[in-house]
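**Q** Okay, here's the structure, questions in a sec.
The values are calculated or read from the model by the stated rules, or taken from the named source; none is laboratory data. Note that the structure is a prediction, hence the values are computed from the model and not measured. With ideal geometry, Cβ positions are generated from the backbone for all residues, glycine too; neighbour counts draw on all protein chains shown.
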Amino acid sequence: MDYTAAIDFLKSETERCSMSLSAETLTGFRSYLEALYKYNEKVNLVSNADPEVVVKRHILDCLALVEAMDIEPKPDTPGVKAKRLLDIGSGAGLPGLIIAIAVPDLKVTLIDSVGKKTKFLQEVIEELALSERVKVITGRAEELARSRKRGTFDFVTSRAVGHLGIIIELAMPCLNVGGRLLCQKSRSQVEKEVDDIKDCWNPLGGRRPKIIVPKIQVAETEHVIVSIEKKRSTPDDFPRPWADIIRHWKQTGLQTDS
(Lines give C-alpha, C1' and ligand atoms only; values in the text may rest on other atoms or scores of the structure.)
Protein backbone atom coordinates (compact mmCIF):
# COMPACT_ATOMS: atom_id res chain seq x y z
CA MET A 1 0.00 0.00 0.00
CA ASP A 2 1.34 3.41 -0.96
CA TYR A 3 0.56 5.40 2.19
CA THR A 4 3.12 8.09 1.32
CA ALA A 5 1.35 9.00 -1.94
CA ALA A 6 -1.99 9.16 -0.11
CA ILE A 7 -0.64 11.51 2.55
CA ASP A 8 1.11 13.67 -0.05
CA PHE A 9 -2.19 14.02 -1.90
CA LEU A 10 -4.00 14.89 1.35
CA LYS A 11 -1.41 17.55 2.13
CA SER A 12 -1.59 19.13 -1.32
CA GLU A 13 -5.40 19.17 -1.42
CA THR A 14 -5.80 20.74 2.02
CA GLU A 15 -3.15 23.36 1.24
CA ARG A 16 -4.99 24.16 -1.98
CA CYS A 17 -8.07 24.88 0.15
CA SER A 18 -6.06 27.02 2.63
CA MET A 19 -6.09 24.39 5.37
CA SER A 20 -2.73 23.70 6.97
CA LEU A 21 -2.12 20.28 8.56
CA SER A 22 0.90 19.86 10.81
CA ALA A 23 3.46 17.10 10.32
CA GLU A 24 2.13 15.46 13.49
CA THR A 25 -1.42 15.53 12.13
CA LEU A 26 -0.33 14.01 8.81
CA THR A 27 1.48 11.27 10.71
CA GLY A 28 -1.71 10.62 12.63
CA PHE A 29 -3.66 10.27 9.39
CA ARG A 30 -1.09 7.81 8.06
CA SER A 31 -1.47 5.68 11.18
CA TYR A 32 -5.25 5.83 10.77
CA LEU A 33 -5.00 4.68 7.14
CA GLU A 34 -2.74 1.76 8.10
CA ALA A 35 -5.04 0.68 10.93
CA LEU A 36 -8.15 0.95 8.78
CA TYR A 37 -6.65 -1.14 5.98
CA LYS A 38 -5.66 -3.94 8.37
CA TYR A 39 -8.94 -3.94 10.32
CA ASN A 40 -11.05 -3.77 7.19
CA GLU A 41 -9.71 -7.17 6.15
CA LYS A 42 -11.60 -8.64 9.14
CA VAL A 43 -14.54 -6.25 9.54
CA ASN A 44 -16.07 -4.31 6.66
CA LEU A 45 -15.89 -0.70 7.81
CA VAL A 46 -15.56 0.89 4.36
CA SER A 47 -16.18 -0.55 0.91
CA ASN A 48 -12.62 0.16 -0.22
CA ALA A 49 -9.79 0.67 2.28
CA ASP A 50 -7.11 1.53 -0.26
CA PRO A 51 -5.36 4.56 1.33
CA GLU A 52 -5.71 6.86 -1.68
CA VAL A 53 -9.39 6.00 -2.00
CA VAL A 54 -9.97 6.63 1.71
CA VAL A 55 -8.25 10.02 1.49
CA LYS A 56 -10.16 11.09 -1.63
CA ARG A 57 -13.55 9.67 -0.70
CA HIS A 58 -13.63 10.04 3.07
CA ILE A 59 -10.89 12.02 4.85
CA LEU A 60 -11.11 15.12 2.67
CA ASP A 61 -14.90 14.99 2.94
CA CYS A 62 -14.63 14.88 6.74
CA LEU A 63 -12.19 17.77 6.81
CA ALA A 64 -14.84 19.91 5.14
CA LEU A 65 -16.60 19.79 8.52
CA VAL A 66 -13.50 21.24 10.20
CA GLU A 67 -13.74 24.12 7.74
CA ALA A 68 -17.41 24.61 8.65
CA MET A 69 -16.69 24.53 12.39
CA ASP A 70 -14.56 27.64 11.92
CA ILE A 71 -12.35 27.06 14.93
CA GLU A 72 -8.59 27.22 15.00
CA PRO A 73 -6.37 25.00 17.14
CA LYS A 74 -5.21 27.07 20.12
CA PRO A 75 -2.63 26.43 22.84
CA ASP A 76 -3.87 25.51 26.30
CA THR A 77 -5.12 28.60 28.11
CA PRO A 78 -5.98 28.55 31.83
CA GLY A 79 -9.71 28.96 32.40
CA VAL A 80 -10.66 28.33 28.76
CA LYS A 81 -12.55 25.09 28.22
CA ALA A 82 -11.86 22.98 25.15
CA LYS A 83 -14.72 22.70 22.69
CA ARG A 84 -16.65 19.42 22.80
CA LEU A 85 -17.91 17.46 19.81
CA LEU A 86 -20.23 14.47 19.62
CA ASP A 87 -20.16 12.32 16.49
CA ILE A 88 -23.31 10.24 15.97
CA GLY A 89 -22.92 6.92 14.16
CA SER A 90 -19.13 7.14 13.97
CA GLY A 91 -18.57 3.84 12.17
CA ALA A 92 -14.95 3.91 10.99
CA GLY A 93 -14.43 7.28 12.68
CA LEU A 94 -15.89 9.25 9.80
CA PRO A 95 -16.07 12.10 10.53
CA GLY A 96 -15.49 12.24 14.31
CA LEU A 97 -12.08 10.61 14.59
CA ILE A 98 -10.82 12.44 11.51
CA ILE A 99 -11.86 15.75 13.09
CA ALA A 100 -10.19 14.74 16.37
CA ILE A 101 -6.90 14.07 14.56
CA ALA A 102 -7.12 17.36 12.67
CA VAL A 103 -8.06 19.59 15.64
CA PRO A 104 -5.76 18.64 18.53
CA ASP A 105 -7.42 20.75 21.25
CA LEU A 106 -10.95 19.42 20.63
CA LYS A 107 -12.61 16.95 23.00
CA VAL A 108 -14.50 14.34 21.00
CA THR A 109 -17.04 11.66 21.88
CA LEU A 110 -17.67 8.96 19.28
CA ILE A 111 -20.84 6.90 19.56
CA ASP A 112 -21.89 3.86 17.56
CA SER A 113 -24.19 0.97 18.40
CA VAL A 114 -21.98 -1.68 16.72
CA GLY A 115 -19.30 -3.13 18.97
CA LYS A 116 -16.99 -4.23 16.15
CA LYS A 117 -16.82 -0.63 14.97
CA THR A 118 -16.21 0.89 18.39
CA LYS A 119 -13.49 -1.72 19.02
CA PHE A 120 -11.65 -0.41 15.96
CA LEU A 121 -12.09 3.18 17.11
CA GLN A 122 -10.72 2.39 20.56
CA GLU A 123 -7.69 0.64 19.09
CA VAL A 124 -6.84 3.62 16.88
CA ILE A 125 -7.37 6.10 19.71
CA GLU A 126 -4.94 4.17 21.90
CA GLU A 127 -2.41 3.82 19.08
CA LEU A 128 -2.49 7.59 18.47
CA ALA A 129 -2.40 8.40 22.21
CA LEU A 130 -5.71 10.29 22.03
CA SER A 131 -7.39 8.65 25.02
CA GLU A 132 -7.29 11.77 27.20
CA ARG A 133 -9.54 13.75 24.87
CA VAL A 134 -11.31 11.22 22.61
CA LYS A 135 -13.85 8.82 24.11
CA VAL A 136 -15.79 5.98 22.51
CA ILE A 137 -19.27 4.86 23.54
CA THR A 138 -20.95 1.68 22.33
CA GLY A 139 -24.58 2.68 22.48
CA ARG A 140 -27.37 4.74 20.98
CA ALA A 141 -27.56 8.50 20.63
CA GLU A 142 -31.11 8.73 21.99
CA GLU A 143 -29.90 7.12 25.23
CA LEU A 144 -26.89 9.44 25.44
CA ALA A 145 -29.23 12.41 24.98
CA ARG A 146 -31.00 11.45 28.22
CA SER A 147 -27.78 11.02 30.22
CA ARG A 148 -25.73 13.57 32.13
CA LYS A 149 -24.10 14.49 28.81
CA ARG A 150 -27.33 16.12 27.61
CA GLY A 151 -26.75 19.74 26.68
CA THR A 152 -22.95 19.56 26.99
CA PHE A 153 -21.64 19.57 23.42
CA ASP A 154 -20.59 22.53 21.28
CA PHE A 155 -20.88 20.53 18.05
CA VAL A 156 -22.71 17.42 16.92
CA THR A 157 -21.67 15.86 13.62
CA SER A 158 -23.27 13.22 11.43
CA ARG A 159 -22.28 11.73 8.10
CA ALA A 160 -24.34 9.20 6.13
CA VAL A 161 -26.39 8.18 9.18
CA GLY A 162 -29.97 8.85 8.12
CA HIS A 163 -32.67 11.37 7.30
CA LEU A 164 -32.10 14.88 8.64
CA GLY A 165 -35.34 14.66 10.61
CA ILE A 166 -33.93 11.78 12.63
CA ILE A 167 -30.53 13.38 13.13
CA ILE A 168 -31.89 16.72 14.35
CA GLU A 169 -34.01 15.01 17.03
CA LEU A 170 -31.03 13.01 18.29
CA ALA A 171 -28.60 15.93 18.11
CA MET A 172 -30.43 18.97 19.50
CA PRO A 173 -30.87 17.61 23.04
CA CYS A 174 -27.12 16.90 23.20
CA LEU A 175 -26.05 20.42 22.19
CA ASN A 176 -25.55 23.31 24.56
CA VAL A 177 -27.32 26.57 23.73
CA GLY A 178 -25.26 28.19 20.99
CA GLY A 179 -23.94 24.83 19.82
CA ARG A 180 -24.35 23.62 16.26
CA LEU A 181 -25.39 20.49 14.44
CA LEU A 182 -23.29 19.95 11.32
CA CYS A 183 -24.76 17.31 9.07
CA GLN A 184 -23.36 16.32 5.68
CA LYS A 185 -25.83 15.75 2.87
CA SER A 186 -25.46 15.33 -0.87
CA ARG A 187 -26.57 18.17 -3.10
CA SER A 188 -29.38 15.96 -4.39
CA GLN A 189 -30.69 15.34 -0.85
CA VAL A 190 -30.29 18.61 0.91
CA GLU A 191 -33.11 20.86 -0.32
CA LYS A 192 -35.78 18.22 0.12
CA GLU A 193 -34.58 17.12 3.56
CA VAL A 194 -34.33 20.70 4.83
CA ASP A 195 -37.89 21.25 3.59
CA ASP A 196 -38.98 18.01 5.29
CA ILE A 197 -37.87 19.35 8.69
CA LYS A 198 -39.40 22.83 8.40
CA ASP A 199 -41.74 22.05 11.31
CA CYS A 200 -39.04 20.39 13.42
CA TRP A 201 -36.17 22.73 14.16
CA ASN A 202 -38.10 25.32 16.17
CA PRO A 203 -39.83 22.87 18.58
CA LEU A 204 -36.44 21.23 19.18
CA GLY A 205 -34.85 24.57 20.05
CA GLY A 206 -32.99 25.12 16.80
CA ARG A 207 -32.63 28.04 14.44
CA ARG A 208 -33.42 27.89 10.73
CA PRO A 209 -30.89 25.64 8.96
CA LYS A 210 -28.09 27.13 6.92
CA ILE A 211 -26.53 25.30 3.98
CA ILE A 212 -22.76 25.64 3.74
CA VAL A 213 -20.84 24.81 0.57
CA PRO A 214 -17.29 24.06 1.78
CA LYS A 215 -14.14 24.85 -0.17
CA ILE A 216 -13.09 21.23 0.18
CA GLN A 217 -15.15 19.33 -2.35
CA VAL A 218 -15.13 15.60 -3.06
CA ALA A 219 -16.40 14.86 -6.56
CA GLU A 220 -17.80 11.42 -5.68
CA THR A 221 -20.04 12.74 -2.90
CA GLU A 222 -20.55 16.46 -3.58
CA HIS A 223 -21.56 16.98 0.00
CA VAL A 224 -22.81 20.23 1.44
CA ILE A 225 -23.22 20.86 5.16
CA VAL A 226 -26.46 21.63 6.94
CA SER A 227 -25.70 23.82 9.97
CA ILE A 228 -28.37 24.24 12.65
CA GLU A 229 -27.62 26.38 15.71
CA LYS A 230 -29.35 25.68 19.01
CA LYS A 231 -31.05 28.84 20.29
CA ARG A 232 -32.77 27.50 23.43
CA SER A 233 -33.05 24.34 25.54
CA THR A 234 -34.72 21.34 23.95
CA PRO A 235 -37.94 20.25 25.72
CA ASP A 236 -37.62 17.17 27.93
CA ASP A 237 -39.99 15.27 25.62
CA PHE A 238 -37.14 14.91 23.12
CA PRO A 239 -35.68 12.72 21.89
CA ARG A 240 -38.54 10.28 21.68
CA PRO A 241 -37.82 6.52 21.84
CA TRP A 242 -36.15 5.26 18.68
CA ALA A 243 -39.20 3.28 17.56
CA ASP A 244 -41.38 6.37 17.87
CA ILE A 245 -38.97 8.49 15.84
CA ILE A 246 -38.88 5.95 13.03
CA ARG A 247 -42.65 5.46 13.14
CA HIS A 248 -43.22 9.21 12.86
CA TRP A 249 -41.08 9.57 9.75
CA LYS A 250 -42.46 6.45 8.12
CA GLN A 251 -45.97 7.79 8.65
CA THR A 252 -45.00 10.89 6.72
CA GLY A 253 -44.08 8.65 3.81
CA LEU A 254 -40.38 9.52 3.94
CA GLN A 255 -37.50 7.10 3.69
CA THR A 256 -35.55 6.89 6.95
CA ASP A 257 -32.29 5.45 5.66
CA SER A 258 -31.07 8.19 3.32
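**Q** If you check ILE197 against the conditions, is it in contact with a Ser or Thr (Cβ under 8 Å, 6 or more places away or on another chain) and of a type in the set (Val, Ile, Thr)?
**A** No; evaluated as a whole, the condition is false for this residue.
**Q** From the list ARG180, ARG150, ARG208, exactly one residue is in a loop (DSSP other than H, G, I, E, B) and under 23 Å from LYS107 (Cβ atoms). Which is it?
**A** After ruling out the rest, the residue left standing is ARG150.
**Q** For region 111-129, which positions are among the aliphatic types (A, V, I, L, M), farther than 21 Å from ARG159 by Cα and surrounded by fewer than 18 Cβ atoms within 10 Å (Cβ to Cβ)?
**A** ALA129
**Q** Show the residue pairs meeting these rules: Cβ distance below 8 Å; 6+ apart or different chains; first residue within region 107-131 and more than 23 Å from MET69 (Cβ to Cβ) and modelled with pLDDT of 95 or more; second residue surrounded by 14 or more Cβ atoms within 10 Å (Cβ to Cβ) and among the polar types (S, T, N, Q).
**A** SER113/THR138; VAL114/THR138; GLY115/THR138; LYS117/SER90; THR118/SER90; THR118/THR138; GLU127/SER31
**Q** Give the residues of region 19-58 that are in a helix (DSSP H, G or I) and acidic (Asp, Glu), sorted by residue number.
**A** GLU24, GLU34, GLU52
**Q** Another question, then. Of all residues in region 171-203, count the ones that are crowded, with 19+ Cβ neighbours inside 10 Å, among the hydrophobic types (A, V, I, L, M, F, W, C) and within 17 Å of ASP154 (Cβ to Cβ).
**A** Total meeting the criteria: 7.
**Q** While we're on this one: Are any residues in region 1-18 closer than 14 Å to CYS62 by Cβ, part of a helix (DSSP H, G or I) and either charged (D, E, K, R) or touching a residue at least 60 places away in the same chain (Cβ under 8 Å) (or both), and if so, which ones?
**A** Those that are closer than 14 Å to CYS62 by Cβ, part of a helix (DSSP H, G or I) and either charged (D, E, K, R) or touching a residue at least 60 places away in the same chain (Cβ under 8 Å) (or both): GLU13, THR14.
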